[in-house]
Amino acid sequence: MESQDTKSQETVRKPLLTYAEALALLESRCMSFEPTVSEVLLPEALDRVLASEIALDRDEPPVRRSAMDGFAVISADGAAAREIVGVLYAGTSGLPTIQSGQAMAVMTGGTVPHGADTVVPVELTARDGDRLILADAPPADKHVRAAGEMGLKGRAILKAGHRLRAGDLAAAASCGLEKVKVFSEPKAAVLATGDEVVPYTETPGLHQVRDSNRLASRLQLQGFGAQVTMDCHVPDKEEALKKAVSKALDQCDLVVTIGGVSMGDKDFMPRVFVECGVEFLFHKVALQPGKPVWAGIRGNTIVLGLPGNPVSSFTVLELFGRMVVDQLGGATTAYPRPLRYGTTTTELRSRKRPRWLPCFLSGDQDGGALQVTPCQESGSGDWTSLAYASALLFLTPDSQLQAGDRVAYLPLANP
Ligand code: AMP
Ligand code: MG
């Protein structure tokens, strides 16, 4: 027989996990995953996660170079005219020398000759045949890039765990690399559920909705850095759902399902996950929208059960999925990501739960904060509010903001 104590404990409502708690719990379970490493050509490495350090393969620059088009001279010669003894273009080889009383024309990027200690820009000079005329005595050590000023051979330029952008790959190219080592992209599955959900290419009946979330989730996951290798729709039938989830668990590192995690009669997903051997991590988080989110793990495969409302599924995948893809893909990005701040253009309110809202940013940053405007919205089912969304605006519980108040947001992009 159950004791009175156990019974009363069961009826006590546990407070919901906060977003930070749920994120930390999920993150701690992604840690043991070890992505594989492969080499890819630099043009194919954009947005991939670097798997080994990149370092300078020589001192940079290897010799002193001119930072201006001008003349390399010896400052101790003062304002006296000099004899121009040659010209050094960027690309001229060799290490020439000048003596006192001499100058050498040198173009930007050209080697500064031995003996010279400064470069006089061409616009501060005049020429009389082979004679260089200066108005003033030149200051020492101007417009010369010192050998090794960017770094000595071996200086680390990029660390493992960094998601590569165009500038990173330009730096890798300058280090003499043809290929870089990158981590494998996590394989993800997207399963949309719901008898009312039809392909967006079909005309829906009055009782049906177009499957917009499956497309959104696929594109979001790809944007985070996952490879979506399975993508399908499954009706609200337990057996069919179990079959699809099992297959996704066997084939993927991350399984994202859409819909069926709330309290409805056909919300089968929590039971289906457990029956497929998924270990439960959490169900329901103090969020608006997205409260019914379900998360679990089987082996090394993470499961995220998103609520079906379009704004909920979009928001929850951004809030949890980006971290999971980073973790499984070897990226060292810190979570939760720091919030940014701007000025709201409208009045905003939240109730008991922290609230996230699709929004867009405008205005310039000249001395003022960016303006943050919520996309028009009439609830978590309002898919029209996903149009133009470039960030999620964040409100703490019981917020009441007026137009012009400071407001937090999270950009919808990799940091
Ligand atoms: P659910 O979480 O399954 O109760 O679904 C909540 C709401 O989201 C319902 O109105 C569904 O019709 C809608 N919904 C569920 N899945 C999708 C989807 N893939 N695309 C668009 N809307 C959906
Ligand atoms: Mg449903």
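The values are calculated or read from the model by the stated rules, or taken from the named source; none is laboratory data. Computed from a predicted model, the values in this text were never measured in an experiment. Methodologically, a virtual Cβ is constructed for each residue, glycine included, from the backbone with ideal geometry; neighbour enumeration extends over all protein chains shown. Accessible surface areas use protein heavy atoms only, side chains included; no ligands, DNA or RNA. Shrake-Rupley method; radii C 1.70, N 1.55, O 1.52, S 1.80 Å.
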_Condition check for R214: in contact with a Leu (Cβ under 9 Å, 6 or more places away or on another chain), of a type in the set (K, R), free of Cβ contacts under 8 Å to residues at least 60 places away in the same chain and not assigned by TED's automatic domain parsing to the domain that holds G381_ = yes
*Look through region 178-194, keep the residues that are more than 9 Å from ligand 1 (Cβ to nearest atom) and in a loop (DSSP other than H, G, I, E, B), and return whichever of them is least open to solvent (accessible area, probe 1.4 Å).*
P186
*asked:* Consider region 362-381. How many of its residues are without any contact (Cβ under 8 Å) to a residue 60 or more places away in the chain and either over 25 Å from the mean Cα position of the chain (by Cα) or part of a loop (DSSP other than H, G, I, E, B) (or both)?
replied: 11
*Hey, does region 321-339 have a residue that's within 16 Å of ligand 1 (Cβ to nearest atom), assigned to a helix (DSSP H, G or I), open to solvent by less than 50 Å² (accessible area, probe 1.4 Å) and within 29 Å of V245 (Cα to Cα)?*
yes
*Can you spot a residue in region 199-211 that is of a type outside the set (K, R) and in contact with a Gly (Cβ under 7 Å, 6 or more places away or on another chain)?*
no
*Looking only at region 199-213, which residues are within 13 Å of ligand 2 (Cβ to nearest atom) and under 17 Å from S313 (Cβ atoms)?*
V209, D211, N213
*region 295-309, residues that are within 15 Å of ligand 2 (Cβ to nearest atom) and surrounded by 24 or more Cβ atoms within 10 Å (Cβ to Cβ)*: G305, L306, P307, G308
*In region 278-308, what residues are part of a loop (DSSP other than H, G, I, E, B), under 26 Å from the mean Cα position of the chain (by Cα) and more than 10 Å from ligand 1 (Cβ to nearest atom)?*
A286, L287, P289, G290, K291, V293, N300
*Report the residue count in region 124-134 for those that are open to solvent by less than 90 Å² (accessible area, probe 1.4 Å) and either of a type in the set (S, T, N, Q) or within 52 Å of the chain's Cα centre (by Cα) (or both).*
3
*asked:* Criterion first (among the aliphatic types (A, V, I, L, M), open to solvent by 10 Å² or more (accessible area, probe 1.4 Å) and away from ligand 2 (no atom under 16 Å from the Cβ)) does L219 satisfy it?
replied: yes
*Could you look through region 244-277, keep only residues that are without any contact (Cβ under 8 Å) to a residue 60 or more places away in the chain, touching a helix residue (DSSP H, G or I) at 6+ places or on another chain (Cβ under 8 Å) and open to solvent by less than 10 Å² (accessible area, probe 1.4 Å), and pick out the one that is nearest to ligand 1 (Cβ to nearest atom)?*
V261
*What is the one condition in (1) among the β-branched types (V, I, T); (2) open to solvent by 20 Å² or more (accessible area, probe 1.4 Å); (3) within 16 Å of ligand 1 (Cβ to nearest atom) that V144 does not satisfy?*
(3)
